[in-house]
Amino acid sequence: GPVEQIVARGGRALRSVAAGDIDAASLEVERGRSVVEDHGLDRAGRISTDVDRLFFALGEVRRARAEAIRFVPTPPDFGAVLERRCQLLLDAQSAYSATMRAYDAHWSAMAGFRTGELYQSLHAELMAVAPPASADTPARRDLFEGAMRLRYTILLEKALAMMDHTLAMATRTGERSAWVARAAAARAELHAARAREEAILERLPYTRAE
């Protein structure tokens with residue numbers, strides 16, 4: 001039946017993601033989504049818990065494709081590459097959000113953690129971007145660092161908000177899985193990262209406006 005097909009496709013997709021075969025995972029997800037659409041199982045509102053894992057698998061496919069886009073070494077078309085990474089991030093977030101529509105605490109915790117992790121990893125990678133050739137003095141390198149940290153600190157805020165939301169949901173529902181522990185650890189890391197960002201910005205010889 002359609003539900004069994006969806007569960008099987010979702011499971012096969014997640015197995016392929018774990019094995020690093022993203023193309024095979026994508027194929028399973030799309031076949032499963034065709035069944036979902038044919039039977040109207042993704043209409044507005046709450047979805048079946050049998051469907052949520054398929055949407056989670058879709059999020060995993062999009063996450064893997066997003067994180068395959070790297071910024072070190074700095075690509076010559078940095079702006080376009082960043083835009084592609086951000087679009088895939090938003091697409092993955094949309095899939096993870098669909099997972100939460102099943103109101104299943106375990107899968108919601110997984111989806112919430114993964115969404116926060118998307119923002120956290122993007123911030124870490126952007127902070128590793130080397131200064132451009134035009135930053136040829138210590139002062140200019142400081143200015144570049146300050147601009148990057150000030151511009152992308154919003155990613156830390158978004159990641160932290162998602163971890164807070166996930167942990168609040170877990171407290172409300174009594175969910176105690178390893179994913180909740182991972183979200184708690186990530187939240188602590190994010191608080192520390194935000195404090196480091198503030199300290200670095202205060203140390204630089206420029207104001208935020210500059």
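The values are calculated or read from the model by the stated rules, or taken from the named source; none is laboratory data. Fair warning: this is a prediction, and the values are worked out from it, not measured in the lab. Here the Cβ is made from the backbone with ideal geometry for all residues, glycine too, and neighbour counts use every protein chain on show. To get the accessible areas, we keep the full protein, side chains included, count just its heavy atoms, and leave off ligands, DNA and RNA. Shrake-Rupley method; radii C 1.70, N 1.55, O 1.52, S 1.80 Å.
Per-structure values
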| item | result |
| --- | --- |
| All-pairs Cα distance distribution in the chain, expressed in whole percent, bin size 10 Å | 8, 29, 31, 19, 9, 3, 0 |
| Extension gain from residue 3 to residue 140, taking 0.36 nm per residue of separation minus the Cα-Cα distance | 43.5 nm |
| Helix axis angle, 22-38 relative to the chain longest principal axis, alpha carbon, degrees | 50 |
| Histogram of C-alpha separations across the stretch 87-143, 5 Å bin width, % | 4, 17, 18, 14, 11, 9, 8, 7, 6, 4, 1 |
| The stretch 29-131: chymotrypsin sites (Phe, Trp or Tyr not before Pro) in DSSP coil with no more than 16 other Cβ atoms inside 10 Å | 103 |
| Hydrodynamic radius by Kirkwood, which averages 1/r over all alpha carbon pairs of the stretch 38-107, in angstrom | 13.3 |
| Pairwise label distance in nanometres, residue 49 with residue 184, each label 7 Å out on the Cα-Cβ vector | 2.3 |
| Share of carbon and sulfur in the accessible heavy-atom surface of the chain [1.4 Å probe, %] | 54 |
| Structure-based [θ]222 nm, the chain - -39500 (n - 2.57) summed over DSSP H runs of at least 4, per residue, nearest 500 | -27000 deg cm²/dmol |
| Length-normalised contact order for the chain - Cα pairs under 8 Å, 6+ apart - percent | 17 |
| Nonlocal amide H pairs with residue 74, under 5 Å, H built at 1.01 Å | 130 |
| Cα Rg, Dmax, the stretch 1-124, angstrom units | 15.0, 50 |
| Karplus 3J(HN,Hα) series, Hz, for the stretch 149-165 with 6.51 cos²θ - 1.76 cosθ + 1.60 (x for Gly, Pro) | 5, 5, 5, 9, 5, 4, 5, 5, 5, 5, 4, 5, 4, 5, 5, 4, 4 |
| Table column - 3J(HN,Hα) (Hz), the stretch 89-95, Karplus curve with 6.51, -1.76, 1.60, x for Gly and Pro | 4, 5, 5, 5, 4, 4, 5 |
| Normalised alpha carbon radius of gyration of the stretch 112-210 [divisor 2.2 N^0.38 Å] | 1.29 |
| Per-residue ³J(HN,Hα) for the stretch 169-179, Karplus 6.51 cos²θ - 1.76 cosθ + 1.60, θ = phi - 60°, Hz, x for Gly and Pro | 4, 5, 5, 5, 9, x, 5, 10, 6, 4, 5 |
| Check: the stretch 130-210 dipole with +1 on Lys, Arg Cβ and -1 on Asp, Glu Cβ, in debye | 240 |
